[in-house]
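**Student:** What follows is a structure written as structure tokens; I'll ask about it next.
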Amino acid sequence: MSIRRTFEEQLSELQSDMLRLGRFVEEALGKSLDALVRQDLQLAKQVVEEDDFADDMNFGLQARAMQLLALQQPMARDLRIIGSSLRIVIDLERIGDHAVDIAKVVRSLAGQSFFKPLVDIPRLGTLARKMVADSLQAFVNRDMALAVQVARDDDAVDELCDNLQRELMDKMRDDPTLVEQATRLLLVARMLERVADHATNIVEQIYYVETGEMRPLAREEHGHGLALAPDALEHHPSDHHNTESMGADPDLPIITAPPLGHSSWHNGSGSS
């Protein structure tokens, strides 16, 4: 077997496992939000306990990427793929960390009734989770249009998060007894905003691999996404107006992996 063939297979396996990690953290995010809405302590505990899997995958993927850099000395497109993979893995691991942090908030609110039904946080969670799912789909399909759309969707997340922050701050000013719970819900909102930022980081790396251009897509697309916010929620009617399950949502995009032995980015040519 040629050295080039071995390299291609190792690169393909690396990307397949990155997608596996992405699916895992996206599902963990759904579970943590579901646990919050339902105040399900057992589900929150499961999210925390399963985080070791994401941490182990993160370290393993980074080690393998560094090994490919050291041993194969890739050039042009291959180099962009591996370098971007290192950054994407970090963003995925941090999305998993935010899922765990939300699960810990669930535990801290154990036994408390919400001072109002959760509506905006599930909506915010739906948007952020959709951005993660779409970033993974863009990764699989090398879909630049979808990558740009993810960056645009960040506007809707920021707007909703800002509105929620103002509402919670007003609640705390009006009724000091709500400060503890409102502060924790505000932390959840900020965590979801960060999840969306990590999804944007991922698509910026995908764009870089495909075009060779490093562009701040979120900043460049700012102002284009707000008009698209209703469409982003349209696909999740069950989460838009109620506080039902935020777990395995059948309306989220279905992410299809590339065939076995096929790399989502690598085309085997080694060209830039």
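The values are calculated or read from the model by the stated rules, or taken from the named source; none is laboratory data. If you're wondering where the values come from, they're calculated on a predicted model, not measured in any experiment. Cβ: placed from backbone, ideal geometry, glycine included. Neighbour counts: every protein chain shown. Surface areas here come from the heavy atoms of the whole protein model, side chains and all, with no ligands, DNA or RNA. Shrake-Rupley method; radii C 1.70, N 1.55, O 1.52, S 1.80 Å.
**Student:** Do any residues in the stretch 189-215 that are closer than 15 Å to residue 90 by Cβ have Cβ atoms under 6 Å from those of residues that are buried (at least 18 other Cβ atoms within 10 Å of the Cβ) and acidic (Asp, Glu), where the two are at least six apart or on different chains, and which pairs are they?
**Tutor:** As it stands, the answer is 198/91; 200/154; 201/91; 202/91, since those pairs meet every condition given.
**Student:** Consider the stretch 41-54. How many of its residues are acidic (Asp, Glu), in contact with a helix residue (DSSP H, G or I) (Cβ under 7 Å, 6 or more places away or on another chain) and part of a helix (DSSP H, G or I)?
**Tutor:** The number of residues fulfilling the criteria is 1.
**Student:** Within the stretch 211-221, does at least one residue satisfy the condition of being of a type in the set (Val, Ile, Thr), within 18 Å of residue 129 (Cα to Cα) and part of a helix (DSSP H, G or I)?
**Tutor:** No, the conditions are met nowhere in the stretch 211-221.
**Student:** Oh, and also: Quick one: which residue in 94, 64, 87, 80 is open to solvent by 10 Å² or more (accessible area, probe 1.4 Å) and in contact with a Leu (Cβ under 6 Å, 6 or more places away or on another chain)?
**Tutor:** 64 is the lone residue from the list that is open to solvent by 10 Å² or more (accessible area, probe 1.4 Å) and in contact with a Leu (Cβ under 6 Å, 6 or more places away or on another chain).
**Student:** Filter the stretch 116-172 for residues that are assigned to a helix (DSSP H, G or I) and acidic (Asp, Glu) and give the result.
**Tutor:** 120, 134, 153, 154, 155, 158, 159, 162, 167, 170
**Student:** Also, quick follow-up: Just checking, does the stretch 109-118 include any residue being under 21 Å from the mean Cα position of the chain (by Cα) and open to solvent by 50 Å² or more (accessible area, probe 1.4 Å)?
**Tutor:** No.
**Student:** Next question, about the same structure. Just wondering, is there one or more residues in the stretch 198-210 that are open to solvent by 40 Å² or more (accessible area, probe 1.4 Å), in contact with a helix residue (DSSP H, G or I) (Cβ under 8 Å, 6 or more places away or on another chain), at pLDDT below 95 and of a type in the set (S, T, N, Q)?
**Tutor:** No, that holds for no residue.
**Student:** Tell me yes or no: at least one residue of the stretch 222-232 is of a type in the set (Asp, Glu), outside any helix (DSSP H, G or I), at pLDDT below 50 and surrounded by fewer than 17 Cβ atoms within 10 Å (Cβ to Cβ). Break it down stepwise before answering.
**Tutor:** First pass over the stretch 222-232, keeping only residues of a type in the set (Asp, Glu): 231.
Cutting the leftovers down to outside any helix (DSSP H, G or I) gives us none.
No, there is no match, as no residue in the stretch 222-232 is of a type in the set (Asp, Glu), outside any helix (DSSP H, G or I), at pLDDT below 50 and surrounded by fewer than 17 Cβ atoms within 10 Å (Cβ to Cβ).
**Student:** If you don't mind, there's one more thing I want to ask. Looking at residue 175, is it within 22 Å of residue 94 (Cβ to Cβ), at pLDDT 95 or above and exposed (fewer than 15 other Cβ atoms within 10 Å of the Cβ)?
**Tutor:** No: the conditions fail for residue 175.
**Student:** Can you name the residue in the stretch 1-57 that is open to solvent by 60 Å² or more (accessible area, probe 1.4 Å) and among the aliphatic types (A, V, I, L, M) and, of all such residues, is nearest to the chain's Cα centre (by Cα)?
**Tutor:** Across the stretch 1-57, the extreme among qualifying residues is 41.
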